[in-house]
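Engineer: For reference, the structure I am asking about is given below.
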Amino acid sequence: KQLDAVADECRKIILTAFSKAEMGMLLKKLGKELDEDLTKDLQSFLEKFSQGYPWLLKIICFHVMVARQSGIPQSDIPGILLGIEELFKQEVQYLSDTERATLHQIAKSIPGRLSALLEIFDPKAVQKLIHQGLIHRFDNIVDISWSIFRNYLNTGDLPFHDHYLLDTAVGQVVHGLKILNAAEGILDVSEFKTQTSLSELAFYDLAKDMDLLGLVRFAQGKILLRLNMPDANQKMEALLRHHLRNRLPKNRLVSEILKVLKDNHRLKMVDISRRLESLSPFIKMTRLAWLKHARILAEWLDASDLALLNKKDKTLIYFDPATDIRERDLFLPTRRGGKTPRIQYAPVEIIAIRLVHALQEDGRVNWTGFHKNTIFRVLATLEDLGFILRKAPLIKVLPRAKAFVENPNNRPFLFAEGALQLASFSVFVKILKSKQTKGGTLLELGRELQEKLGENWKESTSETIAKIMLDWARHTNLAPGVFAKIRKGPIKGWKKKEDSQLSLF
């Protein structure tokens, strides 16, 4: 009778905006039914864990009463209730196969008339489901007790998975994942709580968020890791980032914030907090509490590469994963000096290809085989060519780079088109043309280039730059006459031959 009374109380309360005060009143009624006051920790847990959903609070209250009648102390109850989906499963765990099958069939066909259902389904099973409170009867009409439960029976989906606020910082979740990974993916909830070294409420926030993010599941007092995590920290973070990029946008709060961010490009924390408050009318909090949730959400969006968080000015910045690459492992230095080619063609082509492939895959660039200085020079060169834009920590891949990668036969032309916009390279090509018949050494080419550009390079620097530019000219089919191919030894008979190379200009 006590269980039915509490269940009836929760089931009859239908709220469009379930405030903390109203939850408090209901929890007081629960305490009266238990004939004891709820501890502060248990009451706080029930308020936070129900997230303002009357149907979820009803289920939790029911299981609190079952636990207390079984002699379980109030302090141990939250650990039993951590898995939200487990609560739904417990609703049907004591049904027979016939009763469970009948419940699923009714969920697909109701609301309907009791007389009709009794003709279609096992009458005893229907009456048992009514007695258990899993379906209810109004006159001659029968329906599942809560529409949310009907949806779960029919689809397996839990609607709160698309509308929840995260309470836990990214670092705490990562720490929790490392603890579970070290324990081979399974721990008693009590042991996991001990290893996290968190307070009672902070731990339950962590457990709830890990569950809602699809990182863990709870069953029979244990916490189980759902992701197949590697041992290497860098790979673990990459796997988590990939999981979050797919998971978080399914949350309606997140998708709404991302939509507003895309339209405005930048959002202050106060803008995010106001938006969250308007999207969550059933939750009543202070302005400071909403700001805290805004900061936590911004950190999660930053960690999952769905947005960029500028911690200095507390601003969330939009970036487009279709064109922008978030570079976490490299500090992109500011460009210094003039736009003079400083690296051979081959690494520029390779990294251009890898950048485009990163956009097509998981957003992570494969830098394997390249030293940091080489990478910096390549990125500066790609920016000079009009292939990318750099604004730390983002690399925006421009259409010219995509065309370069996707059209191998057109690469010489596209590279030349960008290279000839550089004054230094354009001058060098003119020097090559003037010497296309009898040629010249790299040192001679470098000296003349230095003179025409008014630079004060060392001879070794001039020679190196000439070598790099000649490599560019050959790969772009801009090297004329004797410079078109690599030659060994002196050029013979050049005085008797006329150069038939067409003018480049």
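The values are calculated or read from the model by the stated rules, or taken from the named source; none is laboratory data. Nothing here was measured: the structure is a model prediction, and the numbers come from that model. Here Cβ is always computed from backbone atoms with ideal geometry, including for glycine, and neighbour counts include all displayed protein chains.
Engineer: What single numbered condition from (1) in contact (Cβ under 8 Å) with a residue 40 or more places away in the chain; (2) part of a helix (DSSP H, G or I); (3) over 25 Å from A358 (Cβ atoms) fails to hold for V270?
Structural biologist: (1) is the only condition that V270 fails.
Engineer: Moving on to the next point. What's the number of the condition D205 fails, among (1) modelled with pLDDT under 90; (2) more than 19 Å from the chain's Cα centre (by Cα); (3) over 22 Å from W290 (Cβ atoms); (4) among the acidic types (D, E)?
Structural biologist: The number of the failed condition is (3).
Engineer: Kindly check whether there is at least one residue in the range 139-148 that is of a type outside the set (D, E), at pLDDT below 65 and in a helix (DSSP H, G or I).
Structural biologist: yes
Engineer: Any residue at all in the range 150-162 that is under 22 Å from the mean Cα position of the chain (by Cα) and either modelled with pLDDT of 90 or more or assigned to a loop (DSSP other than H, G, I, E, B) (or both)?
Structural biologist: yes
Engineer: Here are the criteria: (1) over 22 Å from I77 (Cα atoms); (2) assigned to a helix (DSSP H, G or I). Tell me which single one L201 does not satisfy.
Structural biologist: The failed condition is (1).
Engineer: Further question: Hey, could you check the range 31-53 for residues that are of a type outside the set (S, T, N, Q) and within 30 Å of the chain's Cα centre (by Cα) and say which is modelled with the lowest pLDDT?
Structural biologist: Top of the filtered list is G52.
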